[in-house]
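The values are calculated or read from the model by the stated rules, or taken from the named source; none is laboratory data. Because the structure is predicted, anything quoted here is derived from the model rather than measured. Reconstructed Cβ throughout: ideal geometry from the backbone, glycine too, with neighbour counts over all protein chains shown.
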Amino acid sequence: MAGQKAYYATIKDVAKLAGTSTATVSYVLNGSTDRVMSPQLRQRVLDAARELHYTKSAVASSLRAKQRGLVSILIPQFSNIYFTRVCESVEDVVFANDFMPMICDTREDPERERRLLENAIAQRVDGVILGPTNAGWENTALLRKMNIPYVVIGREIAPRRDGEQNDSYFAGDDSYQAGFLAGQCLAQNGHRRIGVVEWNGRVSSAVERDLGFYDAVREQVKLGGGMEVESSSDLSMEEGYRMTKELLRRAKPTALFFGYHRHAQGGVRYLADAGYSIPDDISVIMVGTPVWANLSSPQYHRVYQHEEWVGTTAGRILVAQIRGETSPLLREKRHVCPCTLLEGTSVKDLTK
């Protein structure tokens, strides 16, 4: 009903309708049984609560318990299946432990991230899961000052100044290895002329992924090939399409490496529009495991980052911190999962 404010029945409303005290209502609705009470009175309270659609106030309960039962989950890209899968696994863990997840997208905007974190603190959340922007270290300063438990996922954060100590918990995949596995696959299959479509985001995962790839193909490229790179700060499929088109306009690589699957989806679309046959005309490999890459023909070579493990581990670490448990997960600050190369039919073997 537009223009009408929501009205939530209070414990006083229930007591008035049931013709009893608020203490009695609280006793009944909390399920207590250590007092003598007539069945008729108990039923009257339950009927009144049902008639008024009464629900217990989480705010009032948290004031007594000193916990809100809220966990804030901030991810930088809802459109990135990596973070979507991580988020789903985190949510499963915190919800199973009776915490309510509040999920927000920072959209890679440091200022938006700062404001969302401040809002989470104002809401008195019990803990935070954060896929950080490039200002993640600065934006989490208040969490550290207030001793609010948090776990960083996917991308590591680090102090900017000497003397600052990083005691943040981290759960993520091995970004260097993700790039290295892709590069190693191309090198072992004899590719020397390689095109790279990359995101130039200033976050640790992007930097480490590129470094791993370049380390893996360096020696092969030196044997008489070359590497052409097209980079952008835009992670959209449209940008992947544009970058792939631009790269192939000026170079003739035998293989393309996509560091992000959304760029890969746009790039593959361009290859189809331009009449390329994969892998006969050009090979393709990517980091990430979008559903389309496994169901299409050809089936694409891709690097699996074990997002479910990352999310589950991050959730368990946060819950253990909030509850003050002596979990083995709290003994180490960094929790890193190895990546896995899933081979398809999109990389041609040039050694034969």
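Side notes on the structure shown:
- Screening segment 63-83 for residues that are surrounded by fewer than 17 Cβ atoms within 10 Å (Cβ to Cβ) and among the charged types (D, E, K, R) and picking the one that is modelled with the lowest pLDDT gives R64.
- Matching entry among V93, V86, V152 (being at pLDDT 95 or above, surrounded by 23 or more Cβ atoms within 10 Å (Cβ to Cβ) and either out of contact with any helix residue (DSSP H, G or I) (no Cβ under 9 Å at 6 or more places or on another chain) or in a helix (DSSP H, G or I) (or both)): V86
- Enumeration of residues in segment 248-287 that are more than 25 Å from the chain's Cα centre (by Cα), among the hydroxyl-bearing types (S, T, Y) and within 28 Å of D173 (Cβ to Cβ): T254, Y270, S283
- Hey, T345 of a type in the set (S, T, Y), surrounded by 16 or more Cβ atoms within 10 Å (Cβ to Cβ) and either out of contact with any strand residue (DSSP E or B) (no Cβ under 6 Å at 6 or more places or on another chain) or at positive phi (or both) or not: no
- Filtered by the rule that a residue be buried (at least 24 other Cβ atoms within 10 Å of the Cβ), of a type in the set (G, A, S) and part of a loop (DSSP other than H, G, I, E, B), segment 126-149 gives a lone residue, G131.
- Against the list (1) out of contact with any helix residue (DSSP H, G or I) (no Cβ under 7 Å at 6 or more places or on another chain); (2) not assigned by TED's automatic domain parsing to the domain that holds S205, the condition A272 fails is (2).
- One residue stands out in segment 295-333 among those that are among the small types (G, A, S) and at pLDDT below 95: the one that is farthest from G154 (Cα to Cα), namely S297.
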